[in-house]
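S.K.: Dumping the structure here so I can ask a few things about it.
Every read-out reported here was derived from the displayed coordinates using simple, explicitly stated rules and does not represent laboratory data. Keep in mind that this is a model prediction, so the values were computed, not measured. Every residue, glycine as well, gets a Cβ built from its backbone with ideal geometry; the counts of neighbours run over all protein chains shown.
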């Protein structure tokens with residue numbers, strides 16, 4: 001990939017329009033026909049052009065707004081994550097613009113256009129959608145667009161990343177259950193196309209294999225994680241006629257649904273089935289029984305993501321090196337020794 005940064009002239013030539021049209025598309029998009037405007041933005045994305053570089057920097061100054069995108073803004077998981085970003089961004093003189101993509105392609109396209117139009121100086125991305133498909137990369141999958149920090153890691157494009165070590169998280173959960181003496185263990189998994197869930201699954205599964213414990217792939221459940229899916233999973237496990245002695249659930253929200261569904265059916269937790277979740281949400285400690293979980297340091301995660309994005313904006317050495325954060329096992333009352341060894 002050429003190291004030369006694209007200019008307005010390059011965009012105009014590639015799009016087959018005048019420089020004035022490119023400038024209007026960025027500064028007064030309502031004055032440009034929708035078809036032409038979308039074509040110009042597509043070319044800008046493909047070339048990796050940023051509206052606030054070169055002369056634009058001198059005329060307007062760099063945007064002091066950071067865009068933060070998540071898949072579901074109502075999820076309480078993101079409260080501490082946002083707080084960490086806000087604290088770090090404010091310390092560097094930036095303000096936040098928070099967006100909820102709801103994993104909708106049109107919403108994600110609109111947010112990606114904001115970067116090219118200089119509404120935001122950079123992006124922190126923590127979604128389960130596929131916004132990376134709208135962002136420019138070269139033939140080798142190396143990102144070539146505006147400053148972006150991914151908090152999950154994406155398979156198709158190489159972005160600067162601040163993420164948690166979900167392989168280690170899966171290992172911690174498995175090690176906890178193995179140490180208690182469990183051998184009949186089932187997983188309730190998130191969609192495997194999402195890197196974090198895939199890593200949790202493989203970390204957990206590999207630890208079981210290393211301990212000589214057979215995997216339960218025919219009994220593992222995979223779905224869109226939620227309280228409702230946890231209740232559904234409880235029904236499926238009960239309908240199977242043979243409960244495992246322990247279940248690893250890929251997030252706490254689903255684990256609470258599972259716990260409720262099991263207890264409602266007269267299954268004792270942890271006496272009959274141990275349950276361990278993931279995330280260590282605030283309610284995990286006060287749930288009855290208290291939910292064992294793998295804790296993700298959400299505020300530190302947000303703080304480090306904002307710090308990396310600011311470093312990239314300031315062109316600091318090593319700014320694009322990946323950062324991987326270690327999770328922590330938090331054992332509580334929802335896990336105990338099995339009634340009998342499996």
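S.K.: Please find the FRET efficiency linking residue 42 to residue 285, where r is the Cβ-Cβ separation and R0 is fixed at 51 Å, and quote it to the nearest 0.05.
M.R.: Here the calculated transfer efficiency is 0.60.
S.K.: Using just the Cα positions, wrap segment 64-105 in a convex hull and report its mean projected area in square nanometres, one decimal place. Present the calculation step by step, with values, prior to reporting the outcome.
M.R.: On the way: hull surface 11.8 nm².
Dividing the Cα hull surface by four gives the mean projection, 3.0 nm².
S.K.: I need to check one value: relative contact order of segment 192-313, counting alpha carbon pairs closer than 8 Å and at least 6 residues apart, in percent.
M.R.: Numbers: 127 pairs, mean separation 22.2, N = 122.
Averaging sequence separation for qualifying contacts and normalising by length gives 18 percent for segment 192-313.
S.K.: Moving on. Sort 250, 92 by Cβ crowding within 10 Å, fewest neighbours at the top.
M.R.: Starting with the residue having the fewest Cβ neighbours, the order is 92, 250.
S.K.: Something else now. Please compute the Kirkwood hydrodynamic radius over segment 166-295, one decimal place, Å, based on all pairs of different Cα atoms.
M.R.: Hydrodynamic radius (Kirkwood, Cα pairs) of segment 166-295 is 14.2 Å.
S.K.: Now, a different point. When only alpha-carbon atoms count, how far does segment 223-313 stretch along each of its three principal axes, as whole angstroms with the largest first?
M.R.: Answer, in whole Å and largest first: 56, 25, 18 Å.
S.K.: Using 0.36 nm times the number of residues separating residue 216 and residue 95, minus their current alpha carbon distance, what extension gain do you get?
M.R.: Gain on extension, residue 216 to residue 95, equals 38.8 nm.
S.K.: May I pose another question? Given 0.36 nm per residue, what is the gain on full extension from residue 324 to residue 267 after removing their alpha carbon distance, in nm?
M.R.: 16.7 nm
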